[in-house]
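The values are calculated or read from the model by the stated rules, or taken from the named source; none is laboratory data. Predicted model only: the values in this text are computed from it and were never measured. Here the Cβ positions follow ideal geometry from the backbone for every residue, glycine too, while neighbour counts run over all protein chains shown. Heavy atoms of the whole protein, side chains included, go into the accessibility calculation; ligands, DNA and RNA do not. Shrake-Rupley method; radii C 1.70, N 1.55, O 1.52, S 1.80 Å.
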Amino acid sequence: MTAPRPSTPRTFLARLPLPERTYIADALRAETVGGVLLLVAAIAALVWANTPISGSYESVRDFHIGPAALGLDLSLQHWAADGLLAVFFFVAGIELKRELVAGELRDPKAAALPVVAALCGMIAPALVYVLVNVTGGGSLDGWAVPTATDIAFALAVLAVIGTSLPSALRAFLLTLAVVDDLFAILIIAIFFTSDLNFAALGGAVAGLVVFWVLLRTGVRGWYVYVPLALVIWGLMYNSGVHATIAGVAMGLMLRCTRRDGEDHSPGEHIEHLVRPLSAGFAVPLFALFSAGVSVSGGALADVFTQPVTLGVVLGLVVGKAVGIFGGTWLAARFTKAELNEDLTWADLFAVATLAGIGFTVSLLIGELAFAGDEALTDEVKAAVLMGSLIAAVLAAILLKLRVRKYQALLAEEERDEDMDGIPDVYELHDPAYHLRMAAIHEKKAAEHRRLAEAAASAGETAGAGETAGAGETAGAGEVAGASRADGDRPA
């Protein structure tokens, strides 16, 4: 009887398959651009709200527009939080669906690590917040504020500090953010749902059923889906459930697996079309109307003295890093996963620290948690900004310590000596690749032999010339010497 083979340990943060690497590279490139715009919008809001014209910021932010008869007479800030962020969560829904059916989350064993990491990365900040506020006598309403990670802002920080992470770390960060978004969606849906209007909720559910049927029957055309999506969003808003849930639900309904003859699934195609709208317009505009808070010396001092705001800062800076790192380490230990030999646990801790940037969703949850208390809402927003800034600075320092190693790993991943459009590391088991490389090296060897022969010929010619020149010089010297000698003799 043959003895069973020992199971091969799973490698954690291993090199990604090429299609997954290509998809993640494209997605993160778009997120990075959106993150830079988000950063610019946040800075613009802070400058606008802390100058002598801050009154105009409040006037614009609180300006109401929309049909009151439909219950949609909302301020611009409200439209940005409930309307534009629905687009952001629509893209998040597509990302989640793709991860579940074609990405890192499709394999339960592979999904265990990022799911546990994301879950611990939300539980730990919430516990830190609760601990600070229980001991300090603060409000527990904001426990969910420090639980979110803003992937776009995190990537913007990477772009600003000039650090390119290896694809495995980037994929882990993206998967972490996708799972994080899922839990944030659940938190919003469960804990921040007001009194339900069952008629509107029933209409929204019916609209979602129609949306699903149209997708399954192959109906195409934006002129069908966009009006239907607006109706679903409006009904969801009036139902008492946060309107962004409508975006997530529709994103999850899209097919994200490819069929024969398809270069991209419908979900990937729509995500490619909508992501620029989300990253380049919706999220930055939300930041513009949400990040404008007072950052005077007194306000910043209050951030570190009041339990609510201190809990948010410590939750983002300490809770996120400890939760993600600790959860990942424990999960890897119990699943016997081995860390990629090119990376260290210090690299994972740096990424966990980077995940403490909780801008967009944290601001949204802060508005929901303290609705009706404008002063406390602004203080919580200031705490989110401060916590995200501290996490960004700490992560930048940690990542810069390893930047040369990351650059070397990334260069190795992207090297394509045979110029076929596929990185060489993905072709090491392909005989055709090695034949192409052999031909390339033979051509280079032939060229170097030709250059060696040319150099040798030039050296011989130069040597002959030097010898002849030396002989002529010596002869002339002897004649001159003889002449001088004759001239010195007595007559």
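What residues qualify as long-range amide H neighbours of E338, i.e. H under 5 Å apart, gap of 5 or more or another chain, H built at 1.01 Å from N?
R10, T11, F12
Taking the alpha-carbon centroid of each part, what is the distance from the stretch 42-85 to the stretch 117-146 in angstrom?
29
Accessible area per residue, 1.4 Å probe, Å², for the chain: what's the number?
On the way: 24230 Å² over 491 residues.
It amounts to 49 Å² per residue over the chain.
Per the 1.4 Å probe, what fraction of the accessible area of the stretch 277-377, in percent, lies on carbon and sulfur atoms?
Working: 2410 of 3650 Å².
Carbon and sulfur: 66 percent of the exposed surface of the stretch 277-377.
Note down the relative contact order for the stretch 177-254 as a percent, whole number, built from C-alpha pairs under 8 angstrom at least six residues apart.
Numbers: 63 pairs, mean separation 33.0, N = 78.
With pairs under 8 Å counted, the relative contact order is 42 percent.
Tally up the carbon and sulfur contribution to the accessible surface of the stretch 88-171 as a whole percent, 1.4 Å probe, everything protein left in place.
Values: 1900 of 2770 Å².
Carbon plus sulfur share of accessible area: 69 percent.
As an exercise, use a Förster radius of 45 Å and the Cβ-Cβ distance of K444 and W345 to find the FRET efficiency, rounded to the nearest 0.05.
Numbers: r = 41 Å, r/R0 = 0.90.
So, using R0 = 45 Å, E works out to roughly 0.65.
Compute the FRET efficiency between V213 and I123 as 1/(1 + (r/R0)^6), taking r as their Cβ-Cβ distance and R0 = 35 Å, and round to the nearest 0.05.
Working: r = 38 Å, r/R0 = 1.09.
The computed FRET efficiency comes out at 0.40.
Output the 0 to 90 degree angle, nearest 10, between the alpha-carbon long axis of helix 431-488 and the longest principal axis computed from the alpha carbons of the chain.
Computed tilt is about 40 degrees.
Percent of accessible area on the stretch 387-466 owned by carbon and sulfur, 1.4 Å probe? Intermediate results must be reported in sequence, preceding the final value.
On the way: 3430 of 5360 Å².
C and S fraction of accessible area: 64 percent.
Less than 24 Å apart at the alpha-carbon level, and either on another chain or at least 8 residues along: which lysines does that give for K109?
K97, K320, K336
Regarding the stretch 256-323, what whole-number volume in Å³ per residue does the convex hull of its Cα atoms give? Let's see the in-between values first.
On the way: hull volume 9.5 nm³, N = 68.
Measuring per residue, one finds 140 Å³ for the Cα hull of the stretch 256-323.
What number in nm² do you get for the chain if you take the convex hull of its Cα atoms and divide its surface by four? Don't skip to the answer; put the middle values down first.
Working: hull surface 177.1 nm².
Dividing the Cα hull surface by four gives the mean projection, 44.3 nm².
How tilted is helix 266-277 with respect to the longest principal axis of the chain? Cα atoms for both, answer in degrees (0 to 90, nearest 10).
Relative to the chain, helix 266-277 is tipped by roughly 90 degrees.
Which one, L399, G292, F198, projects farthest toward the positive side of the charge dipole computed for the chain from Cβ point charges (K/R +1, D/E -1)?
Of the options given, the answer is F198.
Suppose we take every Cα in the stretch 341-405 and form the convex hull; what volume per residue is that in Å³?
Values: hull volume 4.8 nm³, N = 65.
So the per-residue Cα hull volume is 74 Å³.
Classify the stretch 133-258: rounded, prolate or oblate, from the alpha-carbon gyration tensor (a ≥ b ≥ c, eigenvalue square roots; a/c under 1.5 rounded; otherwise prolate if a/b is larger than b/c)? Walk me through the numbers before you get to the answer.
Values: a/c = 2.88, a/b = 1.23, b/c = 2.33.
Note, shape of the stretch 133-258 comes out oblate.
Positive end of the dipole of the stretch 314-378, charges at C-beta (+1 Lys, Arg; -1 Asp, Glu), about the Cα centre: which of G358, A331, A346 has its Cα farthest in that direction?
Among G358, A331, A346, the one farthest towards the positive end of the dipole of the stretch 314-378 is A331.
Per residue of the chain, what 222 nm ellipticity follows from adding -39500 (n - 2.57) for every DSSP H run with n ≥ 4, rounded to the nearest 500?
Values: 19 runs with 337 residues, N = 491.
One gets -23000 deg cm²/dmol as the mean residue ellipticity at 222 nm.
Go ahead and run the numbers for FRET between D430 and F191, Cβ-Cβ distance against an R0 of 51 Å, rounding to 0.05. The partial results should precede the final answer.
Values: r = 52 Å, r/R0 = 1.02.
Result of the calculation: an efficiency of 0.50.
At a 10 angstrom cut-off on C-beta neighbours, averaged per residue, how do the peptides 394-401, 453-460, 351-358 rank from highest to lowest? Let's see the in-between values first.
On the way: 394-401: 17.4, 453-460: 10.0, 351-358: 28.8.
Descending mean neighbour count gives 351-358, 394-401, 453-460.
From the phi angles alone, apply the Karplus equation (6.51, -1.76, 1.60; θ = phi - 60°) to the stretch 35-46 and give each ³J(HN,Hα) in whole Hz, x where the residue is Gly or Pro.
After applying 6.51 cos²θ - 1.76 cosθ + 1.60, I find x, 5, 5, 4, 4, 4, 4, 5, 5, 4, 5, 5 Hz.
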